Amino acid sequence: MEQKRIIAVVGATGAQGGGLVRRILSDSNSDFVARVLTRNTSSDRAKNLARLGARVVNADADDPASLEKAFEGAYGAYCVTFFWEHFSPEKELAHAAAMAKAAKRAGVQHVIWSTLEDTRKWVPLNDSRMPTLMGKYKVPHFDAKGEANQLFADLRVPTTFLLTSFYWDNLINFGMGPRKNPDGTWAFTLPMGDKKLPGIAAEDIGGCAYGIFKKGPEFIGKTVGIAGEHLTGAQMAAELSKALGREIRYNDVPPEVYRSSGFPGAEDLGNMFQFKRDFEPYFCGARDIKFSRSLNPELQTFEEWLGRNRDRIPLEGG
Ligand SMILES: NC(=O)c1ccc[n+]([C@@H]2O[C@H](COP(=O)([O-])OP(=O)(O)OC[C@H]3O[C@@H](n4cnc5c(N)ncnc54)[C@H](OP(=O)(O)O)[C@@H]3O)[C@@H](O)[C@H]2O)c1
């Protein structure tokens, strides 16, 4: 029997990497096996994946040697960074550099780098439409990922650059769900005007990544964008109303109001939504839904995702 090819998955206990590991594990005919990289092999999440059949190894992006070891013998690697753990674009760049070097050293044949746009190519730092943040970024958690593309390219790592989309799971985990107004009505806030936001079920990112690994060399050196659906704030509010059984209005606020919300990352996210709003044709065009479904036939629509997850959405103020 031919040996199965190993895919080393960074962030395997998290949303993106976890989706990929579960897709590999659930495909009994897969040519691949998943190697879970984690800082803590005895966490519940790591142990669950081990129980499902994945090999779990220690690796910390702060420790490049541990990444090199964890990539050894792997055919593929899924690389993602963790902005919301530290809020540092410089740290994301350092982690991406360590992953690119480790992949090069180990001779990994196919890397998927989970990236986003360097928005400074569209909105230079001297553009006053949105404030410059942390001295040299417009959307720090996007810009560093986009800047890091070059690290993989410079080392000639065989890479697919995967442009991801807004997780609908943010409505559960990121405090972006509907909120009750003082007058008892319900509102869903997004600073997107009447423009469409490409969104995706976080677990479907892993499903699309699996499709890319299966197709192999066809996507090496290419940039690939994915989304489950492109929806306006009003359309999302209408779907939320149906799923949650109460009227939820779309609360369209200007990006400057969103930026001043005061929660950690509000300015970064305010700039991010403004970028998506102001460059909608590009941003949606780079994330084709039919193409995403060709990679991942189980790709969910927002309605389907809500059907599975409505009970997990906290109703703030309710
Ligand atoms: N939220 C969104 O809408 C959205 C959309 C597109 C892209 N993103 C990007 O997605 C990225 C996060 O991915 P995610 O949502 O899949 O993550 P997540 O669910 O928050 O999980 C974080 C993962 O990172 C791992 N991790 C953290 N620090 C690490 C380190 N130093 N070394 C090795 N592993 C480490 C954790 O593993 P252990 O704890 O097991 O070590 C865990 O698996 C962020 O950079 C974010 O900007 C988010």
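The values are calculated or read from the model by the stated rules, or taken from the named source; none is laboratory data. All of these numbers come straight from a predicted model, not from anything done at the bench. All Cβ positions, even for glycine, are placed from backbone atoms using ideal geometry, and neighbour counts span all protein chains on display. All accessible areas refer to the heavy atoms of the entire protein, side chains included, with ligands and DNA or RNA removed. Shrake-Rupley method; radii C 1.70, N 1.55, O 1.52, S 1.80 Å.
Assorted remarks:
- Global size of the range 191-287: 16.1, 48 Å for Rg and Dmax (C-alpha atoms, Rg to one decimal, Dmax whole).
- Estimated vicinal HN-Hα couplings, Hz - the range 281-289 in sequence order (Karplus 6.51, -1.76, 1.60; Gly, Pro = x): x, 5, 5, 6, x, 7, 10, 6, 6
- The base-10 log of I(q)/I(0) for the chain, evaluated at q = 0.09, 0.16 Å⁻¹, reads -0.46, -1.40 [Debye formula, identical scatterers on Cα atoms, solvent excluded].
- Volume per residue for the range 100-202 equals 159 cubic angstrom (convex hull of Cα atoms).
- Between the range 141-170 and the range 264-288, the alpha-carbon center distance in angstrom: 15 Å
- Note that the range 163-173 has calculated 3J(HN,Hα) couplings of 7, 8, 10, 3, 6, 5, 4, 4, 5, 9, 9 Hz, one per residue in order, obtained from phi through the Karplus relation 6.51 cos²θ - 1.76 cosθ + 1.60 (θ = phi - 60°); glycine and proline are x.
- With 22 Å as the limit on Cα-Cα distance, the pairs of 121/222; 91/196; 91/145; 104/290 that go past it are 91/196; 104/290.
- Reachable lysines, given that their alpha-carbon falls under 24 Å from the alpha-carbon of residue 47 and they are not under 8 places away in the same chain: 4, 69
- The chain: DSSP helices with Cα axial extent of at least 24 Å and average Kyte-Doolittle hydropathy no lower than -0.5: 89-106
- Share of carbon and sulfur in the accessible heavy-atom surface of the range 1-149 [1.4 Å probe, %]: 47 percent
- A 1.4 Å probe run over the range 87-176, with the rest of the protein chains in place, finds 39 Å² accessible per residue.
- Stretching residue 58 away from residue 257 to a fully extended chain increases their span by 67.4 nm, per 0.36 nm per residue minus the current alpha-carbon distance.
- Mean Cβ neighbour count within 10 Å, used as a protection proxy, ranking 108-117, 271-280, 35-44 highest first: 108-117, 271-280, 35-44
- Förster-model FRET efficiency, 30 Å R0, residue 3 and residue 45, C-beta, rounded to 0.05: 0.65
- The chain - percent relative contact order, Cα under 8 Å, separation 6 or more: 17 percent
- Residues with amide H under 5 Å from that of residue 177, placed H, sequence gap 5 or more: none
- Which of 95, 86 is most accessible, then next, and so on - probe 1.4 Å: 86, 95
- Sorted from longest to shortest, the spans of the Cα atoms of the range 81-151 along the three principal axes equal 44, 23, 14 Å.
- Positive-end ranking of 86, 187, 10 along the dipole of the chain, with charges on Cβ about the Cα centre, is headed by 10.
- Seen from every direction in turn and averaged, the convex hull around the alpha carbons of the range 1-88 projects onto 5.8 nm².
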